[in-house]
Amino acid sequence: MIKVLSDNLINKIAAGEVIDRPSSVVKELVENAIDAEARQITVILKNGGKSLIQIIDDGIGMDEQNAILSFQRHATSKISSYRDIEHITTLGFRGEALASIAAVARVELRTVPRNTIEGTRILMQGGVMQTVDKTGGNAGTSISVKNIFFNTPARRKFLRADNTEYRHILSVFNRFALCHPDIDFTLINDDRQVTHLTPTPLLQRISKVLGNRVIDQMLEVADDNALVKIGGYIGNYDLMRKSRNDQYIFLNHRYIVDRTINYAIVSAFGDLIPRGHYPLYVLFLEIDPERVDVNVHPTKSEVKFADQQMLYTLVRGAIKRALVSEDGVPEIKLDSDTVQVDASEMTGWHKPQRPALDELRSFSSEQTRIDFDAPADPEQSRMKLDGDWQAPKASSTPFPVTPTPKETSPSLNSGVLVWQMHNRYILSQIKSGLVIIDQHLAHRRILYEKAKSSFAAQNSGSSQQLLFPHTIDLSAEDFEHLMSILPFLEKIGFIVKGFGGQTVVVEGVPGGMRVGDEGKILFNILDEYKKNAGNEVDIQEAVAKSFAARSAISAGEKLSTESMNALIDQLFATQEPYFCPYGRPTMITMSIDELERRFEKR
């Protein structure tokens, strides 16, 4: 039997399309404030927005009749005909936001029109209007949203922890702050003022939101043609991050997500982007609204372009021109150890073909375990090589995060049976053939298990004090993530203290970590943690993986024989030496039979 749903139920269903968490409420209400010509906007939160979200603006306000109509579905002052949909110039236009919010929360609206002394106060609960009366106050609108999803417990239980919801709101807040540097924004969380951003030029606003470290490394992008006007800033090569968090695209002052534009930006960098790194950018595109459809997604974050291929070409060209400017050329530093390559060696050079999967994986069922003795005691964990020979014992000093090269690569007749290939892989003979160890992935496993052990220990891990403490300016989002994982970083051996606002001072790092890279490593850990946080329920697991991934020796670092032996010792003292924390193999083997087959002896 077909039924006509009640308005109350329709509103609750519609709310699910627009409002999925507290950050959605902030987005919709701040958009309304901007459309109302506000020059000052304050966002007040409690318990990550679960208990309270209050948006206060100094916009044009509403009279009583319009205030009442604003809670009706599809009631809007921004469009009146289909022609208007083809020429959207405002952030909101559907007339669904307030109705959807009021359907799943307790809402109080206070609004005073400009040039008047009396306004309207409305109380809503679960989509039902409770009270309409008079109020006074400054011109503008204040909307308080309390106990979101109080009447839909099935949806409320899917909200995450307060800090997680707050970080989602902070991400939305930052988008508006970057898009509108001419507006005064204030964010207050649990009675603490997180940030106050006064109107500034765009570059200064970027440095306030993303951290002061970026201001000298941003390249201006400016291009104007018949189709699109492109402006904003893109980070130079030194600002590459290991996450996509600091990438902002604004279309006609609306934040959007678009693969085509992202790909155009990345392709402009060409092969100069290291694997796993992403550029930082804050870009503004202005296009004739008739050539863009913003009505393809309930949150309006995705759009359709009439000239997508042309747009790709124009954006890519604008970014390339910024990168080849004088400020965009990266400084090339060569040290005394740089290997000089003869030009003749490059003749006929070609990219090697990727080996077949079965060549890389000699992990058949009978080869999964390698012929090593791996006792739990690190002193006894030296691997047994061919015959009775054992590699010389390493120093008792723990294997450092960045070993210092001390020796040249051993020759075959030097009596040492461990070699480093291309400063990436450690090779050694075993009874059944050959083993190849990935130094980076192996060190990941070691650091991961050390971090997990540190979390379980009563005392913090060993630290080395820095002679000159390192000051780091963080964005508000990075600062909140750091505060979440700081107790675990201290367990590992970091000593990080607040220095006011969103600035911290690194006074100590884990024992053995290379001094001088602590700022970069800390940023890398934060990037990796943000990438892992959505997949890991256990925060300790996410921190351990992030620390291991971003603190391990990298491919390309030269290791001494002593360091290689220490690495092997510690790898086979771990509980799971054969795989890194992300499940990738730390080593592969090639049997004698396989070698002979390849030499066509069989």
Which of (1) farther than 27 Å from G519 by Cα; (2) free of Cβ contacts under 8 Å to residues at least 40 places away in the same chain does P274 not meet, given it meets every other one?
(1)
If the Cβ limit is 9 Å and pairs must be 6+ apart or interchain, which residue in region 538-550 that is not assigned by TED's automatic domain parsing to the domain that holds S484 pairs with which residue that is outside any helix (DSSP H, G or I)?
none
Any residue that is in the same structural domain as K431 (by TED's automatic domain parsing), in a helix (DSSP H, G or I) and at pLDDT 85 or above - is there at least one of those in region 570-587?
yes
Find the residue count for region 188-229, including only residues that are charged (D, E, K, R) and in a helix (DSSP H, G or I).
4
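Matching residues to (1) buried (at least 19 other Cβ atoms within 10 Å of the Cβ); (2) closer than 20 Å to F176 by Cβ; (3) touching a His at 6+ places or on another chain (Cβ under 6 Å); (4) not aromatic (F, W, Y):
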| residue | (1), (2), (3), (4) |
| --- | --- |
| I249 | yes, yes, no, yes |
| Y255 | yes, yes, no, no |
| I261 | yes, yes, no, yes |
| A268 | yes, no, no, yes |
| H277 | no, no, no, yes |
| L283 | yes, yes, no, yes |
For G137, only one of the following conditions fails: (1) under 30 Å from E118 (Cα atoms); (2) crowded, with 17+ Cβ neighbours inside 10 Å. What is its number?
(2)
Which of the following residues is over 19 Å from I265 (Cα atoms), in the same structural domain as H277 (by TED's automatic domain parsing) and surrounded by fewer than 17 Cβ atoms within 10 Å (Cβ to Cβ): D238, D216, D182?
D216
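Only residues that are outside any loop (DSSP other than H, G, I, E, B) and closer than 28 Å to S70 by Cβ: list them for region 141-166, please.
T141, S142, I143, S144, V145, K146, P153, A154, R155, R156, E165, Y166
From the list S453, S460, S428, which residue is at pLDDT 85 or above and under 28 Å from the mean Cα position of the chain (by Cα)? Break it down stepwise before answering.
Values: S460 fails: at pLDDT 85 or above; S428 fails: under 28 Å from the mean Cα position of the chain (by Cα).
Of the residues listed, the single one that is at pLDDT 85 or above and under 28 Å from the mean Cα position of the chain (by Cα) is S453.
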Would you call I472 closer than 16 Å to R241 by Cα and at pLDDT 85 or above?
yes
Against the condition outside any strand (DSSP E or B), modelled with pLDDT of 80 or more and hydrophobic (A, V, I, L, M, F, W, C), how does L29 come out, does it pass?
yes
Report, by residue number, each residue of region 451-483 that is among the polar types (S, T, N, Q) and under 18 Å from L210 (Cβ atoms).
T471, S475
The condition from (1) surrounded by fewer than 16 Cβ atoms within 10 Å (Cβ to Cβ); (2) more than 25 Å from I539 (Cβ to Cβ) that I430 misses is numbered (1)
Go through region 484-511 and count every residue that is surrounded by fewer than 20 Cβ atoms within 10 Å (Cβ to Cβ) and either closer than 20 Å to H196 by Cα or in the same structural domain as K208 (by TED's automatic domain parsing) (or both).
5
Would you check if there is a residue in region 45-64 being over 33 Å from the mean Cα position of the chain (by Cα), modelled with pLDDT of 90 or more and part of a helix (DSSP H, G or I)?
yes
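Please specify each residue of region 253-266 satisfying the condition of being in contact (Cβ under 8 Å) with a residue 24 or more places away in the chain and over 15 Å from M240 (Cβ atoms). Steps first, please.
Step one: list which residues in region 253-266 are in contact (Cβ under 8 Å) with a residue 24 or more places away in the chain, which gives 253-258, 260-261, 263-265.
H253, R254, Y255, I256, V257, D258, T260, I261, Y263, A264 - these are the residues of region 253-266 that are in contact (Cβ under 8 Å) with a residue 24 or more places away in the chain and over 15 Å from M240 (Cβ atoms).
The values are calculated or read from the model by the stated rules, or taken from the named source; none is laboratory data. Everything quoted here is computed from the prediction, not taken from an experiment. Glycine gets a Cβ as well: all are built from the backbone with ideal geometry, and neighbour counts include every protein chain shown.
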